[in-house]
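Working notes, structure below.
The values are calculated or read from the model by the stated rules, or taken from the named source; none is laboratory data. Because the structure is predicted, anything quoted here is derived from the model rather than measured. Note that we place each Cβ from the backbone using ideal geometry, even for glycine, and neighbour counts take in every protein chain shown. When the accessible area is computed, the model is the full protein with side chains, heavy atoms only, and any ligands, DNA or RNA have been set aside. Shrake-Rupley method; radii C 1.70, N 1.55, O 1.52, S 1.80 Å.
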Amino acid sequence: MAMDQILDGLSEVSCDVLVIGGGTAGPMAALKAKLKNPKANVVLLEKANVKRSGAISMGMDGLNNAVIPGYATPEQYTKEITIANDGIVDQKAVYKYAEQCYSIIEELDSFGIRFLKNENGDYAVKKVHHIGTYVLPMPNGETVKKAIYRQLRRARILISNRYMATRLLTGTDGRIAGAISVNTRTAEILVIKAKAVILCMGAAGRLGLPTSGYMFGTYENAANSGDGYAMAYHAGAALANLECFQINPLIKDYNGPACAYVAGPYGAFTANNEGARFIECDYWSGQMMLEFYNELQSGKGPVFLQLNHLHDDTISEIETTLHKVERPTRGLFHEGRGTNYREQPIEMHISEIGFCSGHSASGVFVDEFARTTIPGLYAAGDMASVPHNYMLGAFTNGAVAGTHAMDYADNTDFADFDAADVARERDRVMAPTKREDGVPPNQIEYKARRLVNDYLQPPKVTRKFELGQRRLAEVRDDMENRMIARNSHELLRALETQSIVDCADMAAHASLYRTESRWGLYHLRTDYPEKDDDNWFCHTLLSKKDGKMSSEKRAVEPYIVPIADDEKDLYDKQRIRASA
Amino acid sequence: MPLASYETSVPVVVDDAKCIADKGCTVCVDVCPLDVLRISDLTGKAFMAYDECWYCMPCEADCPTGAVTVNIPYLLR
Ligand SMILES: Cc1cc2nc3c(=O)[nH]c(=O)nc-3n(C[C@H](O)[C@H](O)[C@H](O)COP(=O)(O)OP(=O)(O)OC[C@H]3O[C@@H](n4cnc5c(N)ncnc54)[C@H](O)[C@@H]3O)c2cc1C
Ligand code: SF4
Ligand code: SF4
């Protein structure tokens, strides 16, 4: 068979619970669903290979947000995340995470994943956040994926690798009915009927274009092209606060974390070109990113991570962590540049924009049971709206979703769907393979993402956004009518391009709707520079209504952990006074 | 519209002498999150077929014979 040949085929299977995305949240969701009802069928569908997919493909150096008894309380954590998010938080879901994450740590420990302990056998938690202490290193963090994979095999979860989900199926009664997917190496279509579906497809990480110009040199695993966001949108689910972009401070060009969370507790810090500190706290928040951006724009940029003042042994310890897990090519990159942590500081820059709740707060709307607005459809991890939930949040909320989805599936039957929906989706998926002549997906993707950088990157200017929308509409027209795919691999990229353009449209629409500035750099609107609590102390929900994109306000749920007036703006005071 | 191909120097290199794909190994092809590695019909060895790499390392880390080297993609080196 010729490489990546296109086979025109279609088959159909069914299961009780379908989990889409086998990165971090997905495997845990599948595992918990199966443990809840071992007789039920659980399918884990993955675009890549569950063994090495997602943000943690090479493991992780630590937990960014562990709420460990003795160090932090669920109340404290909920308060910190509420403040870091400018108050726009439904606290129930954050609180539930904070209460349950410790039991997930213990469970991961039982899978063989180790967490750093001190001489007394207590977890050695480090302080990185503004207020509380939540960062827990993982000494054998490179083994995370292997450990989880073993559990999946043991529980007999059905794993389908190299299937990219493209659309959800909804029943005639509005419930979820399943999903449609395509094999990335044969272009064969697989329809999966399911009683409940859990979306775990990660961040929309291929939205902006990295400044290096390399399309796959993104902060997020580049396989995370925002398919989950696009699928939820087309199925009619609501998406929350998409204007709260993800933007991260990263190693310039390499575009991976430097990583201040690892090095910070040892004494490393973010500095300007005078070697001076300018931010109070290295925890990634929109307010911190705004100060970072301001420093880059001022004559005091570039910005660096400074660790050359540390003891040689300390640096060696940091190196072994940073060059072994998470993004292990960091060491190779520094070597190529002639950067030695002992001598030179690390030049930093800011990343391309994306959607991600794991780091900020842009995701498919979910409640504290991981339920979306569509009955039977759940979401967890970076693509679900629980803010700042990182890796442990993906595991914990994945567990919540898995348990709850199985409960739902046990009490329901398959929803009926219209066969014409499948036929229509098959035509849409295969369309680029049917054209003789046209534009290849890499060019369309590049252009769309270049436009995202030119027009949608903060600071957000209304006039620029309107122009951006016009240009993106032209790209969409090319994509829908002229894009070609000559083999099944190119078809994978063509379908990803469609998700990227959908996400770009959503980013523009959501940003224009919220006529204020909030979350520091994430939603900095030059024409509405002030925070406007009178009109905008609310979530925004974006959804498809009568075939069109629309946004509405949604009230923030009453707090369960009160925030005092003098605590509300703690994250607004990121700039160090003395250096200002 | 006519198409032209666009040459790039790819970041991932396979040492043919060490690669045992001709004995049935497909590990690197299996694990790559971006699905950019393939076994060549011509040489029977693994190679990078598409320059769409996240320089993440599973291919190198999981290769049983140490045949794979991941370099930083040229544009960001
Ligand atoms: C470079 C980096 C460093 C980080 N460092 C830390 C850290 O030190 N500590 C910490 O706590 N957190 C860290 N995080 C955050 C944390 O890793 C993520 O929040 C978490 O892993 C997200 O889990 P997820 O399941 O939502 O997404 P992922 O783990 O990314 O999984 C998404 C999965 O969905 C699959 N997929 C995508 N589209 C489709 C489709 N159409 N069909 C089928 N499958 C699909 C992907 O292939 C992938 O496997 C880091 C993230 C990154 C990117
Ligand atoms: S994993 Fe190593 S030995 Fe196996 S096919 Fe790839 S390069 Fe060859
Ligand atoms: S470095 Fe990662 S993306 Fe690149 S070929 Fe290897 S596994 Fe694939």
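Remarks
- Within region B:10-26, tally of residues that are surrounded by fewer than 20 Cβ atoms within 10 Å (Cβ to Cβ), within 14 Å of ligand 3 (Cβ to nearest atom) and touching a residue at least 24 places away in the same chain (Cβ under 8 Å): 2
- Close pairs (7 angstrom Cβ cut-off, 6 or more residues apart or separate chains): over 23 Å from A:Y408 (Cα atoms) and within 16 Å of ligand 3 (Cβ to nearest atom) in region A:197-213, aromatic (F, W, Y) and open to solvent by 10 Å² or more (accessible area, probe 1.4 Å) anywhere: A:G205/A:Y219
- Condition check for A:L136: among the hydrophobic types (A, V, I, L, M, F, W, C) and more than 24 Å from A:K79 (Cα to Cα): no
- The number of residues in region A:22-60 that are near ligand 1 (Cβ under 10 Å from one of its atoms), of a type in the set (A, V, I, L, M, F, W, C) and under 16 Å from A:Y163 (Cβ atoms) comes to 4.
Yes/no matrix, rows are residues, columns are (1) at pLDDT 95 or above; (2) open to solvent by less than 20 Å² (accessible area, probe 1.4 Å); (3) within 16 Å of ligand 3 (Cβ to nearest atom); (4) in contact with a helix residue (DSSP H, G or I) (Cβ under 9 Å, 6 or more places away or on another chain):
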{"position": "A:Q5", "(1), (2), (3), (4)": "no, no, no, yes"}
{"position": "A:I20", "(1), (2), (3), (4)": "yes, yes, no, yes"}
{"position": "A:K32", "(1), (2), (3), (4)": "yes, no, no, yes"}
{"position": "A:L45", "(1), (2), (3), (4)": "yes, yes, no, yes"}
{"position": "A:I68", "(1), (2), (3), (4)": "yes, yes, no, yes"}
{"position": "A:T82", "(1), (2), (3), (4)": "yes, yes, no, yes"}
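- Output for region A:528-549, where each listed residue is surrounded by 13 or more Cβ atoms within 10 Å (Cβ to Cβ) and part of a loop (DSSP other than H, G, I, E, B): A:Y528, A:K531, A:D532, A:F537
- When A:K39 is tested against (1) of a type in the set (D, E, K, R); (2) more than 14 Å from chain B (Cβ to nearest Cβ); (3) touching a residue at least 60 places away in the same chain (Cβ under 8 Å), just one condition goes unmet, and that condition is (3).
- The residue list A:S488, A:S511 contains one member that is in contact with a Lys or Arg (Cβ under 7 Å, 6 or more places away or on another chain) and within 14 Å of another protein chain (Cβ to nearest Cβ), which is A:S488.
- Of the residues making up region B:27-47, those that are more than 21 Å from A:M164 (Cα to Cα) and within 11 Å of ligand 3 (Cβ to nearest atom) are B:A46, B:F47.
Okay, residues lined up against (1) at pLDDT 95 or above; (2) aromatic (F, W, Y); (3) part of a helix (DSSP H, G or I); (4) open to solvent by 10 Å² or more (accessible area, probe 1.4 Å):
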residue: A:Y102; (1), (2), (3), (4): yes, yes, yes, yes
residue: A:E119; (1), (2), (3), (4): no, no, no, yes
residue: A:Y149; (1), (2), (3), (4): yes, yes, yes, yes
residue: A:L152; (1), (2), (3), (4): yes, no, yes, no
residue: A:L168; (1), (2), (3), (4): yes, no, no, yes
residue: A:G174; (1), (2), (3), (4): yes, no, no, yes
residue: A:A177; (1), (2), (3), (4): yes, no, no, no
residue: A:I180; (1), (2), (3), (4): yes, no, no, no
residue: A:A187; (1), (2), (3), (4): yes, no, no, no
